[in-house]
Amino acid sequence: MKKKVSLLVAIMMAALIVLSAVPAMAEKTVITYWSNDRHDETYMTDMINKFNEAHDDIEINMVIMTDDFENSILLAIDGGTAPDIIGQSVTLKNMVDYNAVVDLAPYIQADEEYQKVTNALNLKFEGLNAIGDAIYWVPSGQRSGVRIEYNKALLEASGFEGIPATLAEYVEMAKKMTADGAGKTYGIGFTSSSPFERQLEMMAQVSGVFYYDYKNGKFDFSGYKPFLEAGRELVAVAYPDQQGVDNMRAMFAEGTFALWGNASQEAGVFTNQFPITAFEWGVAPVPSLDGEIKGALQVNPNKGYLMLDACKNKDAAWEVIKYFQSEEFLVGYMEGGFDLPITSYIDERIDKSKMGRMADYSLLDYESVYPAVPTINLMGDDYRTQLWNAIMGHMEIDAAIEDLNTRYNAAYDEDISLGFIKRLVIEDYDPLHPSAGTVTWLDK
Amino acid sequence: MSNYVNPQLAPTTRPPRPVDKKMRLKESGGVAAWMMLAPSLIFLAVCSIYPFAWIFRYVLYNYDGIPAHTRFTGMRNITTMFADAKFWNSVGTTFEYALWKLVFIIPLALIMAVLLNQKLRGSSFFRGVFFMPTVIASSISGMIFTFIFATGNGILNGIFQNLGLISQPIGWLTDTGVVMAAVIIMSVWAGFGNYMLYFVTGMTSISEDVYEASRIDGANGIQTFFRVTLPMLAPVLKVVLMLAITGAFKDYEAIMVLTNGGPGTRTNVMFLYIYNLIFGTGANATRQIGYGALLSLMAAVIVGAVTIIYNLVAKKLDDVV
């Protein structure tokens, strides 16, 4: 028995010596990235796998969560389980006030290659990706403004060739197509997910109507009235349900209704997610109230990455951000049709023939980024919800507008009086060139 | 005869020992009891009392989850609450929803329990089938019924149209006139299996002798149900009713998935309104955790008041019966 024990001890000691002689395997630093984009999942996963194979010091772990993104991040920070990098779909001011995000300006200034590819120092949008001198994220690309996607076969069957320039004609077109469809096909369809934003709000924008009066520094929803009235007419002839975005996309792809509104992400949706093969589909600018373009159509700089303050390996996280916004990564991303380039550097390097239907969403000459409207502590429904409720007949239109004007401005005034925010005024504001004016921040 | 006296039995003149509190606690099993209670008490303190106190803390604050934005607003949340038509409308909607749900779910659960208690072939199978919705997550129930109630491509409208019962599809989720019915159908489907099991369990505890006696007395099935089964199920029925009432008042998850409180605010029940306030929705809208905390307390008061009223009524009925 003693012999056996001695033998066992000897074997264990020998094993210990051998193991201690083996050089310790270098552990990778895991950088966790939370995204709320699902449309580019395949490309992102492939590129992340490529990175992970090529690097023995850093590993990227991507997690996609499309619901309740900002709340989930704040909860994760509180719970000590925060990721290292997050996608930019958050309210910047909240994240900054929470001391949750890192100013990337020092990293950017020290990296000329990054500046060259992303044009980071010139793509600063106050309140959107930057506050003062601090830069919290840099856009990789941009999403176009909303377009009308339409079923050419259904339009032709009702005697139409394309999308008209005025809202009134657009309404009449939807009515006729619904009548011609005789309960089987419909002129137009709306989703339950932010329906106002996807068509009517953008028609108002190009008509020069915006919910923030930049010249006077206050909220003003009065201009939306004709669009809400037109909305009531459209809803009356629309496909009877307003289901989730993907359900409605699937029905559009099946030819259930003719008119759908959404931005450039639909290029990928209707070629990959719900490929349309049974009919031809077109892409057209949204109509305006009287056919004249009086305001810019909003484009959204996007696909930016924020580094969280909770990140323990900030240099490694910066390496990951650099990779996500490297020339190799972005050229493939744009050619894959996931986004539109925002810098001339990338624009000149992509093969546009590979972009597929994304080319149909090339920016119009009246598309522009709007100055970020101050984030206010609002009580009650946001304007998109309330205006849609008015369209659906659940509120009177005038009462809805008056209530929004009151609530938004009261909250704005209070936040300013408490010193949380300042009043944004652009005295020389031009609705066709919203970013061109001189921004002034007032204390009252 | 022995002179030996057992000292333990001999009368003693020694004064009684002073009572040792620690000893008495130990001897009475108090230490063990407290130790066994400790996990539950700690759990209660951490998971119920602390969050409740936390809610109280923010009732007088405007708080959106970001400490830098927190500010004391005094009575403003309270005055806002009394003037908040949308909240009081949601309270009314909750009462309406709870009433309709109870009207259907309790009789249905009872009838199914009686039928399945007949020891017919396949009873166990159907018991499992009816109970199954209870184990499905509320959000999944909501999603399932979204497909069932869809207007254009919904399963229910498809069946009705194929049977020739309707010529035009019903807007189950878009028509304010019928959406509450859709919500009630979903919640009854999801919940009646649970209450049915309570009733089945209650019925199995009723002695067979009682039924035999009623048969000898010539009672028919209906008489047996109303004169024997129902009275003897009264204690279970009371518990089930209380659970059903409190449950109905707290429902919101499946409604959130099915209608998100719409169309308009037609199915916007109390806790759904509070949830949306606390977690925030939409552009520029910020979370209203302070105000939401106040409404949560008010909701707790409302549910508590309803439960107390029910208990009083139930007690009165006991006295009468």
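Read-outs: derived from the displayed coordinates by stated rules, not from any lab. It should be emphasised that the depicted structure is a prediction, and the values quoted were computed from it without experimental measurement. As a convention, Cβ positions derive from the backbone with ideal geometry for all residues, glycine included, and neighbour counts pool all protein chains shown.
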Check: Given a Förster radius of 51 Å and the C-beta distance between A:Asp68 and A:Asp180 as r, what FRET efficiency does 1/(1 + (r/R0)^6) yield to the nearest 0.05?
Finding: 0.80
Note to self: For chain A, what does the relative contact order come out to in percent, with C-alpha contacts under 8 Å and a separation of six or more?
What the structure shows: 21
Check: For the protein assembly as shown, which semi-axes, largest first and in whole Å, follow from the square roots of 5 times the eigenvalues of its Cα gyration tensor?
Finding: 55, 41, 30
Item checked: Residue (of A:Met202, A:Ala278, A:Phe125) at the positive-pole extreme of chain A, dipole from beta-carbon charges -> A:Ala278
Next item on the list: Would you please classify the overall shape of chain A from the alpha carbon gyration tensor, given that a ≥ b ≥ c denote the square roots of the eigenvalues, rounded means a/c under 1.5, and beyond that prolate means a/b larger than b/c while oblate covers the rest?
Entry: prolate
Check: Given B:Val210, B:Ala68, B:Leu165, which one lies farthest toward the positive end of the charge dipole of the protein assembly as shown, if we put +1 on the Cβ of every Lys and Arg and -1 on the Cβ of every Asp and Glu?
Finding: B:Val210
Notebook entry, point to check: Where the centroid of each part is defined by its Cα atoms, how far is the range A:257-333 from the range A:136-160 in Å?
Noted result: 12
Next item on the list: Using DSSP to define loop residues, name the trypsin sites (Lys or Arg not before Pro) in the range A:51-137 whose beta-carbon has at most 12 other beta-carbon atoms within 10 Å.
Entry: none
Check: Charges only on Cβ, +1 for Lys and Arg, -1 for Asp and Glu: so what's the dipole of chain A about the Cα centre, in debye to the nearest 20?
Finding: 1240
Checklist line | Assigned charges on the beta-carbon of Lys, Arg, Asp, Glu; the protein assembly as shown dipole about Cα centre (debye) | finding: 4400
Check: By DSSP, what percent of the beta bridges with both residues in chain A are antiparallel, rounded to the nearest 5?
Finding: 60
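Net charge near A:Phe160: determine it from the other residues with C-beta under 15 Å of the C-beta of A:Phe160, scoring Lys and Arg +1 and Asp and Glu -1.
My count for the surroundings of A:Phe160 gives -4.
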Item checked: Neighbouring partner chain Cβ atoms per residue of A:389-396, average, 10 Å criterion -> 3
Margin query: Please give me, ordered by residue number, the trypsin sites (Lys or Arg not before Pro) of the range A:296-368 that lie in loop per DSSP and have at most 12 other Cβ atoms within 10 Å.
Written below: A:Lys312
Notebook entry, point to check: Shape of the range B:76-320 from its Cα gyration tensor (a ≥ b ≥ c, root eigenvalues): rounded if a/c is under 1.5, otherwise prolate when a/b > b/c, or oblate?
Noted result: oblate
Check: In whole percent, what relative contact order does the range B:76-320 give with Cα contacts below 8 Å and a gap of six or more residues?
Finding: 27
Item checked: Under the span-like rule (Cα at least 15 Å along the axis, Kyte-Doolittle mean at least 1.6), DSSP H helices of chain B -> B:30-44, B:138-149, B:234-250
Next item on the list: Note down the magnitude of the dipole of the range A:287-354 about its Cα centre, charges +1 on Lys and Arg C-beta and -1 on Asp and Glu C-beta and zero elsewhere, to the nearest 20 debye.
Entry: 180
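Pick out the long, greasy-scoring helices in chain A: whole DSSP H runs spanning 27 Å or more along their own axis by Cα, mean Kyte-Doolittle at least -1.0.
The qualifying helices are A:2-21, A:397-417.
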Next item on the list: Run the quick spin-label model on B:Ile302 and A:Gln115: label points 7 Å from Cα toward the beta carbon, then report their separation in nm to one decimal.
Entry: 5.9
